[in-house]
Structures are given as structure tokens and as C-alpha cells.
Amino acid sequence: MTEDRHSRFRDAHSDRDQAEHVPATPQTQAPAYRLAFADEEFLCRKELRPVRLQLELLKAELMLNEHGIESTIVMFGGARIPDPEHKDQARTQTLADLSHFYDEAREFARLMTEKSKQSGGRQNVIVTGGGPGVMEAGNRGALEAGGQSIGLSIVLPHEQAPNGYVTPDLSFNFHYFAIRKMHFLMRARAITVFPGGFGTLDELFESLTLIQTGRMERVPFLLFGKAFWDKIINWEALADAGTISDQDLDLFRVVDTAQQAVEIIDNWEPAPPRDSLPGRDR
């Protein structure tokens with residue numbers, strides 16, 4: 001997007017371009033001479049971590065604002081959940097059996113994106129982690145509905161390029177997990193969690209904790225796959241132990257189909273953040 005300038009000073013682009021064409025001398029070739037904001041080695045110094053954190057927060061925030069994204073539908077889920085067409089290549093039979101959630105994620109994203117288009121594509125935009133599996137299904141469903149979707153990738157030793165269904169102008173890459181998580185939730189209108197592993201569980205519990213403790217407004221929080229979640233997490237045991245309250249079990253719902261999830265989101269009545277923590281005397 002073209003920058004609107006009202007300053008009388010020269011802009012950073014001009015100075016950066018001019019600095020690249022100065023005569024080559026011992027002075028101009030020295031690292032000290034490089035413009036600070038154009039010096040990658042300087043920006044990667046450990047002392048500049050606070051600046052890098054700020055940059056990661058700002059870049060995606062500014063670009064999402066420029067694209068008019070007002071609210072999002074978060075889709076968390078496993079990168080290993082295969083497309084049903086390829087379930088015969090799944091590492092385990094359980095993964096093969098979970099492949100139908102790829103289709104549910106794809107259908108859910110398609111339905112939500114069709115609704116989003118009615119608002120000009122500014123509200124309830126699908127956002128995923130940009131990877132394969134459930135993430136790919138979410139971005140794919142949005143594209144098939146003729147809408148845009150966001151991908152929030154993270155640099156990992158084994159990770160490949162973002163899936164090919166993410167809207168290119170909304171495909172971001174992060175170094176810091178914490179900033180990436182903030183961008184997942186800052187515009188969240190609803191949070192959905194499909195079967196997954198450590199990463200999915202981390203995202204589930206951190207998001208749920210923010211709502212539980214009143215640090216975040218209540219939004220529809222939907223777990224896909226009753227049989228999977230009942231096997232993986234004994235929610236009632238946590239309540240029985242007193243480590244969470246009975247009221248905490250009402251912070252999320254379990255669904256099995258895309259249509260069930262859409263109906264809950266459509267009929268959701270906004271709720272303010274908690275002002276107290278049930279079951280805590282102090």
C-alpha cells in the first residue's frame with residue numbers, strides 16, 4: 001500500500017536507496033556505516049530482541065488493518081491429519097480414521113467464508129497456522145468459497161512453505177511463538193480446535209486459560225471430535241479434583257460437524273470477560 005506522507009523530511013526509502021550507491025571506500029564498507037534499519041546483522045543482535053518482538057507484532061497488525069480485517073475465525077488443529085484421499089499414507093490407523101476431520105475443517109471454513117463475504121470479507125476471516133493438515137483444510141475451504149484467509153506460519157527446522165491455499169497477501173511468517181499466538185487471538189470471533197498434538201494442545205490450553213482468567217472476552221470455543229477429546233482429556237477429572245471449577249466446563253462446547261459449529265457461532269450471545277474466577281477464594 002502506498003504510504004501517505006506529510007513529513008518535510010526525506011523518507012527512509014530514499015535514504016536507503018542512496019546509501020546503496022555511495023562510492024566504495026573503507027569507511028562506507030564498514031558495518032558501522034550501514035543504516036541501522038537496513039542492517040540485518042544489527043537487527044539480529046541479541047540486544048535487539050525487544051525491537052524484533054515489536055516488529056513482528058507491528059508488521060502483521062499493520063497489514064491486516066490495511067486489508068480491512070476486522071474479526072477472524074481461528075482454526076487450530078494437527079498438521080498430520082491427512083486429506084481423506086491420502087489417508088492410506090497415514091502413519092497410524094488412528095490418523096487415517098481422523099482424516100474425516102480434514103473434510104469437516106474444509107467445510108466449516110467454506111461455510112464461514114461464505115458468510116464472511118456477505119460483510120465484504122472483513123469479518124469472520126479464517127485464520128490458520130498456514131501449514132498442512134487441518135490448517136491446509138481451513139485455508140482450502142476459504143479459497144473454495146471464493147474468499148480470503150490468513151496463514152500465520154512459524155519458522156521450524158522441518159517446516160516447508162505455507163500451504164498453497166493461504167491468501168498470498170495474508171501469509172505471514174514468525175520467529176516468536178508468543179507474537180504469533182497474539183495475532184491468532186487479537187481479532188478472534190470464535191476459536192475452533194480440531195484433533196492434533198502438542199502444538200494444538202498448547203494453543204487450546206493457552207487460549208482457554210485466557211478466557212478462564214478473564215484476560216480475554218468469551219467467544220465460541222469449539223472442540224471438534226467428541227470421541228477424540230473424551231479419550232485425550234478427562235475434563236471431569238479436573239473438575240472433580242478441584243483444579244478447575246465446574247463452571248469452567250461451560251467455557252467450551254464439543255461438536256462433531258461443521259454445521260453444528262456454524263449454528264453455535266450464529267446463535268452466540270456476546271459475553272463479557274469474567275470479573276472473578278469461580279472456585280478461587282483468593
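The values are calculated or read from the model by the stated rules, or taken from the named source; none is laboratory data. Just so it is clear, the model here is predicted, and its values are computed rather than measured. No Cβ is skipped: glycine too gets one built from the backbone with ideal geometry, and neighbour counts run over all protein chains shown.
Within segment 200-229, residues that are over 19 Å from residue 180 (Cβ atoms) and touching a residue at least 24 places away in the same chain (Cβ under 8 Å) reach partners that are surrounded by fewer than 18 Cβ atoms within 10 Å (Cβ to Cβ) and acidic (Asp, Glu) with beta carbons closer than 9 Å, at six or more positions or on different chains, in the pairs 214/275; 224/256; 225/256; 226/256. Residue by residue through segment 221-256, note down the ones that are surrounded by 13 or more Cβ atoms within 10 Å (Cβ to Cβ) and assigned to a loop (DSSP other than H, G, I, E, B). Across segment 221-256, the qualifying residues are 225, 233, 244, 245, 251, 252, 256. The residues of segment 77-134 that are aromatic (Phe, Trp, Tyr) and either surrounded by fewer than 17 Cβ atoms within 10 Å (Cβ to Cβ) or in contact (Cβ under 8 Å) with a residue 60 or more places away in the chain (or both), listed by number, are 101, 108. State which residue is modelled with the lowest pLDDT when the search covers only segment 77-115 and only residues that are in a helix (DSSP H, G or I), among the polar types (S, T, N, Q) and more than 24 Å from residue 146 (Cα to Cα). My answer is 89.
Remark: residue 74 matches the filter, which requires a residue to be under 26 Å from residue 132 (Cβ atoms), under 25 Å from the mean Cα position of the chain (by Cα) and among the hydrophobic types (A, V, I, L, M, F, W, C). In this structure, does residue 130 turn out to be on the phi < 0 side of the Ramachandran plot and either outside any strand (DSSP E or B) or out of contact with any Asp or Glu (no Cβ under 7 Å at 6 or more places or on another chain) (or both)? No; evaluated as a whole, the condition is false for this residue. Identify, please: which residue in segment 138-153 is within 21 Å of residue 257 (Cα to Cα) and in contact with a Phe, Trp or Tyr (Cβ under 9 Å, 6 or more places away or on another chain) and is, among those, surrounded by the most Cβ atoms within 10 Å (Cβ to Cβ)? The selected residue is 138. When the residues of segment 12-35 are filtered to those that are small (Gly, Ala, Ser) and part of a helix (DSSP H, G or I), which remaining residue is nearest to the chain's Cα centre (by Cα)? The residue in question is 12.
Of all residues in segment 42-76 being of a type in the set (Val, Ile, Thr) and either in contact (Cβ under 8 Å) with a residue 40 or more places away in the chain or not in a helix (DSSP H, G or I) (or both), which is farthest from residue 197 (Cα to Cα)? Here the residue is 69. Among residues of segment 189-208 being among the small types (Gly, Ala, Ser) and crowded, with 21+ Cβ neighbours inside 10 Å, the one that is farthest from residue 53 (Cα to Cα) is 196.
Matching residues to (1) at pLDDT below 95; (2) among the aromatic types (Phe, Trp, Tyr):
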| site | (1), (2) |
| --- | --- |
| 193 | no, no |
| 205 | no, yes |
| 274 | yes, no |
| 280 | yes, no |
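For segment 15-26, a tally of residues being modelled with pLDDT of 90 or more and either touching a helix residue (DSSP H, G or I) at 6+ places or on another chain (Cβ under 8 Å) or surrounded by fewer than 10 Cβ atoms within 10 Å (Cβ to Cβ) (or both) returns 6.
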